[in-house]
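Here is the structure we will look at.
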Amino acid sequence: MNKYLLIFFLSMSSIAGFSQKTSVEKSIFGVQTGFLGIWVHNESKLNDSFVLRTELGLDGGIWGGSYYERTGFLLTPVVTLEPRWYYNLDRRQEKARRIDGNSGNFLSIKTSYNPSWFTISNYDNVVVLDGISIIPTWGIRRNIGKYINYEAGIGMGYGYVFKNRNYSLNGSGGLALNLHLRIGFKL
């Protein structure tokens, strides 16, 4: 009898272990802000560890120096598509760490398009040309409480500014850097 109880409990515990597979959340909406911008995003589940992050926001910039009479800033629109792989959810759950809200480490390919729709600046006639960047990125995302999160990431890739006849510019490309530190609110 004891032998059958032992087999029963072992088989039930192994079934319970298989049924507790970790997974990213089905869909997350949120707002994030950082040093240079504000963004609204959605992360949609593709499978247990992959999401597609879509983002619409305003990227910022700052400039200054002796050439300018005052320090300048600008905000310009950005549209981003970013497939993300959250690669350490199983390990985080084994160590009893949070994985809700896709709290984990990720690898991604951040693809951003900066259209020249409008520019908000403290200088007149500031123009930002259409550009695209594709940047492989490593990052972390963590949650504080139920609704607050923070995110940090770093990556290097390729950026391209499109040809513009109005400014007699040919298209040009080069190294692009993604270095971000954001704090956000889950909606």
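Residues of the stretch 94-107 that are in a strand (DSSP E or B) and either of a type in the set (V, I, T) or buried (at least 21 other Cβ atoms within 10 Å of the Cβ) (or both): G104, F106. Is it the case that G155 is of a type in the set (G, A, S) and surrounded by fewer than 13 Cβ atoms within 10 Å (Cβ to Cβ)? Criteria not met by G155.
Could you identify the single residue in G159, G173 that is part of a strand (DSSP E or B) and more than 22 Å from the chain's Cα centre (by Cα)? Of the residues listed, the single one that is part of a strand (DSSP E or B) and more than 22 Å from the chain's Cα centre (by Cα) is G173. Taken together, the criteria exclude D48 from residues that are touching a residue at least 60 places away in the same chain (Cβ under 8 Å) and farther than 30 Å from V127 by Cα. Scanning the stretch 115-156 for residues that are part of a loop (DSSP other than H, G, I, E, B) and farther than 20 Å from V40 by Cα gives N122, Y123, D124, N125, V126, V127, V128, L129, D130.
For the stretch 139-156, the criterion of being basic (K, R) and within 17 Å of the chain's Cα centre (by Cα) is met by at least one residue. Of all residues in the stretch 58-93, those satisfying the criterion of being more than 20 Å from the chain's Cα centre (by Cα) and not in a loop (DSSP other than H, G, I, E, B) are I62, W63, G72, F73, L74, D90, R91, Q93.
Every residue in the stretch 135-150 that is closer than 20 Å to G184 by Cα and buried (at least 17 other Cβ atoms within 10 Å of the Cβ), please. Working first, answer last.
Going residue by residue through the stretch 135-150, those that are closer than 20 Å to G184 by Cα are 137-150.
Selection gives T137, G139, R141, N143, N149.
So for the stretch 129-142 (the condition being closer than 19 Å to F29 by Cβ, of a type in the set (A, V, I, L, M) and in contact (Cβ under 8 Å) with a residue 40 or more places away in the chain), does at least one residue qualify? No, the stretch 129-142 has no match at all. Of the residues in the stretch 178-187, at least one is closer than 22 Å to L74 by Cβ, out of contact with any Ser or Thr (no Cβ under 9 Å at 6 or more places or on another chain) and either surrounded by fewer than 18 Cβ atoms within 10 Å (Cβ to Cβ) or in contact (Cβ under 8 Å) with a residue 40 or more places away in the chain (or both).
Looking for something over 17 Å from A152 (Cβ atoms), surrounded by 15 or more Cβ atoms within 10 Å (Cβ to Cβ) and at pLDDT below 95 - is there at least one such residue anywhere in the stretch 75-87? So far as the stretch 75-87 goes, no, none of its residues is over 17 Å from A152 (Cβ atoms), surrounded by 15 or more Cβ atoms within 10 Å (Cβ to Cβ) and at pLDDT below 95.
The values are calculated or read from the model by the stated rules, or taken from the named source; none is laboratory data. All values derive from a computational prediction rather than experimental measurement. Note that each Cβ is placed from the backbone with ideal geometry, even for glycine, and that neighbours are counted across all protein chains shown.
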